[in-house]
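Structure first, then comments.
Please treat every number below as a calculation from the coordinates, not as lab data. All of these numbers come straight from a predicted model, not from anything done at the bench. With ideal geometry, Cβ positions are generated from the backbone for all residues, glycine too; neighbour counts draw on all protein chains shown.
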């Protein structure tokens, strides 16, 4: 089983350099907070300078003590800690000079134009190499430590999914139900909701990103319930459907089609398969039901420290082919949205395996009739 | 009084172009979500293309309907809405071509290196002009609509500040107290906490960014309580100090010094004063008490839609002189942190006026002895 009590920090830092990217740059400046958390365990305003030989965490005075204590306790990686006295960029320049770096990779998707400009001002001779998805690709494959935590987050989230029957009722407002879901996530052991809980009833169900309002649920409503809890830093993400009393036959058909689309996508997931093929499987089912145009988003997204991370399970985008790998955790969540009729989405979280996938969420998928 | 029921969207967009920045660029691409929310009221994945003559909101299919409905209802600005079919950058290129733009300002502090590179690929002839703090400087001066909302957020936050005596007690854990503070903020009408609530007791009080743990409060502890609620999208931010029973005389002296530092900073705030002078006033008091080195952060920050926004009330940084203006809302929160002894911070929110400032938070500042 390996030690699952604590992340293998040194292994994560090592994989930075054993990955294909590691061969092309002498150093990487990590600026994405969530990537720093993944590589070192540290949370707080910081920069990480990683080379194959050493790793420096730059933190300001507010965080220095906490970082040193956490390192002593083994709660973060055994990295070198450098206090930022005034500006991050000047401290970064000092560290880069000490390491005699002439070139540095930086995270193009996290570094802003302003930050890179400031770095260039204090390090005029440095060659900055923009890189993409370097740490994100490592994060996409979960280790044992992470899988345990994601399982726990999905369990807690599913517990709330199973209790929806006690929360969703005619006459209650979307906002009341969303508040109860958030409270139930906390009771289930989560530290917080992974994102603002969606309770979208009636006409609002046709809008994938509706926010809860004071509208009261009424007879004939479809209700989209999309929520997830964070446990030990890892996210769960679940969507279930409810109907208030009797819904129109074509609303019911919409829900059924979405569920079939999810079945098709789930059946397609397997290590080695293209993410876009999983998306296409869901899209084909909805198209056959005349709902191709009603599927307004991608089929899913990676899930871990962040509620939306790599890989994206969507259409092949500009020729980029994403192959699913064993250990990837993602959502499978097709939906269909028709103005005047309503919308439906069904979402579960899975871990990709060599043979297919294991579904980590286990709340009943049947349309909840209240 | 003016109409304070609804933000003056067109006024905000107009001020974009009447500000000094507006003279140097034919268009601005706004990519910071909070800046888009400020200028238009729209919340969701989007880009804004603003010219003096017209303003385009680019949203994908998931948000299009909501944006159109909100515009019809007057809940967002009367902007043009353009649906993004596939990629934001290609739609942006289309809009830029229709507007015949040869140059565009972009927000250097929000646009990542990767995004700018993608824009350059689809708009190879466009001159991108990086700009800094353009919308942020407008946001720093609050209008009547905003002041009313910030007042309400500060009132709700202060209500919780006045109730701390019922929540903080020996034997309770930091985490329990933080949870109760969050719940009290919701009961006071807030939609959520503006940031993760800090309850730092005993040794942890010496760390400005400690997170609540399962440690139980005990005799002799100093306790830093830092929290704030979001109401109608605007933030309050408050820090109060508690002591469990009898604390050491020098811990008490630390708390008193921080309060004197806050008094000095508050007395310095006035339209036309440099932010760094306000910071220096607090720093001088702490230095006189031998705590100059123990003040690990800036004296305050702007407060509004974001819990940390412009202006920063800190040391003069690289020659940048920030002058306070009437209508600016900021926190005044000096602190001192001494390992082995403990830490203290005292924070209130103020609006800058021609004569001085008005304090918006009104919970008692006395050390709460429990």
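Between residue B:72 and residue A:214, how high is the FRET efficiency from 1/(1 + (r/R0)^6) when r is the Cβ-Cβ distance and R₀ = 22 Å? Nearest 0.05.
0.70
How far, in degrees from 0 to 90, does helix B:249-268 lean away from the longest principal axis of the Cα atoms of chain B, to the nearest 10?
40 degrees
With bins 5 Å wide starting at 0, give me the P(r) of segment B:50-140 over every alpha carbon pair, in whole percents.
Using 5 Å bins, I get a P(r) of 3, 12, 19, 22, 23, 16, 6, 1 for segment B:50-140.
Please report Rg (one decimal) and Dmax (integer) in Å for the Cα set of segment A:1-154.
In order Rg, Dmax, the Cα atoms of segment A:1-154 give 15.4, 48 Å.
Ranked by Cβ crowding within 10 angstrom, fewest neighbours first, how are B:37, B:323 ordered?
The fewest-first ordering by Cβ neighbours comes to B:323, B:37.
Which angle from 0 to 90°, rounded to the nearest 10, does the C-alpha axis of helix A:113-122 make with the longest principal axis of chain A?
Rounded to the nearest ten degrees, it is 10.
Relative to the longest principal Cα axis of chain A, at what angle does helix A:61-72 sit, 0 to 90 degrees, rounded to 10?
The angle comes out at about 90 degrees.
Over all distinct Cα pairs, what is the inverse of the mean 1/r for segment A:84-229, reported as the Kirkwood hydrodynamic radius in Å?
19.3 Å
What list do you get for B:176, B:85, B:136 if you sort them by fewest beta carbons within 10 Å?
Arranged by neighbour count, lowest to highest, B:176, B:85, B:136 become B:85, B:176, B:136.
Mind pulling up the Rg/Rh value for segment B:172-255? Radius of gyration and Kirkwood radius, both on Cα.
Answer for segment B:172-255: 1.01.
Go ahead and estimate [θ] at 222 nm for chain B from helices alone: -39,500 (n - 2.57) per DSSP H run with n ≥ 4, summed, over the residue count, rounded to 500.
-11000 deg cm²/dmol
With Kirkwood's inverse mean 1/r over C-alpha pairs for Rh, give me the Rg to Rh ratio of segment B:66-117, two decimals please.
My calculation puts Rg/Rh at 1.03.
I need the Debye-formula profile for segment A:168-315: one equal scatterer per C-alpha, no solvent, reported as log10 I(q)/I(0) at q = 0.22 1/Å, two decimals.
Each listed q maps to, in turn, -1.35.
Measure off 7 Å from each Cα along the Cα-to-Cβ vector at residue A:187 and residue A:173, then give the distance between these two points in nanometres to one decimal.
In this crude label model, residue A:187 to residue A:173 measures out at 2.1 nm.
Can you classify segment A:1-56 as rounded, prolate or oblate using the Cα gyration tensor, where a ≥ b ≥ c are the square roots of its eigenvalues, rounded means a/c under 1.5, and otherwise it's prolate if a/b beats b/c and oblate if not?
oblate
Quick check on the protein assembly as shown: of the DSSP beta bridges with both residues there, what percent are antiparallel, nearest 5%?
Within the protein assembly as shown, antiparallel bridges account for around 75 percent of the total.
Hey, what does the equivalent ellipsoid look like for segment B:272-350, semi-axes from the Cα gyration tensor as sqrt of 5 times each eigenvalue, largest first, whole Å?
For segment B:272-350, the semi-axes come out at 23, 15, 10 Å.
Just check segment B:231-321 against the gyration tensor rule for me: Cα atoms, a ≥ b ≥ c as the square roots of the eigenvalues, rounded for a/c under 1.5, and otherwise prolate or oblate depending on whether a/b exceeds b/c.
oblate
Based on DSSP, what percent of beta bridges with both residues in chain B are antiparallel, to the nearest 5?
75 percent
Calculate the FRET efficiency for residue A:5 and residue B:23 from the Cβ-Cβ distance with a Förster distance of 41 Å, rounded to the nearest 0.05.
So the FRET efficiency works out to roughly 0.10.
May I have the extent of the alpha carbons of the protein assembly as shown along their three principal axes, as whole Å values ordered from largest to smallest?
Between the extreme Cα coordinates on each principal axis of the protein assembly as shown lie 77, 64, 59 Å.
Please list the three semi-axes, largest first and in whole Å, of the ellipsoid equivalent to segment A:103-174, using sqrt of 5 times the eigenvalues of its alpha carbon gyration tensor.
Taking √(5λ) for each eigenvalue gives 45, 19, 8 Å, largest first.
Simple spin-label model, 7 Å along Cα-to-Cβ: residue B:97 to residue B:121 in nm?
About 1.7 nm, to one decimal.
Sorted from fewest to most neighbouring beta carbons within 10 Å, what does the list A:297, A:207 look like?
A:297, A:207
Run through the other copies and list how far each one's label point is from that of residue B:289, in nm with one decimal, shortest first; the point sits 7 Å from Cα along Cα-Cβ.
Taking the point 7 Å beyond Cα along Cα→Cβ, the inter-copy spacings are 6.6 nm.
When 1/r is averaged over all different Cα pairs and the result inverted, which Kirkwood radius in Å belongs to segment B:317-370?
Result for segment B:317-370, one decimal place: 13.7 Å.
Rg/Rh for segment B:299-345 to two decimals, with Rh computed the Kirkwood way over all alpha-carbon pairs.
1.08
Considering only A:311, A:203, A:124, give the residue with the highest GNM mean-square fluctuation for chain A, with springs between Cα atoms whenever their separation is below 10 Å.
Result: A:124 has the largest fluctuation of those listed.
If we hang a label 7 Å off Cα along the beta carbon direction at residue A:120, how far is it from the matching labels on the other copies, in nm, shortest first?
Those separations, rounded to one decimal, come out as 0.8 nm.
Expressed as cubic angstrom per residue, what is the convex hull volume of the alpha carbon set of chain B?
Per-residue hull volume (Cα only) is 150 Å³.
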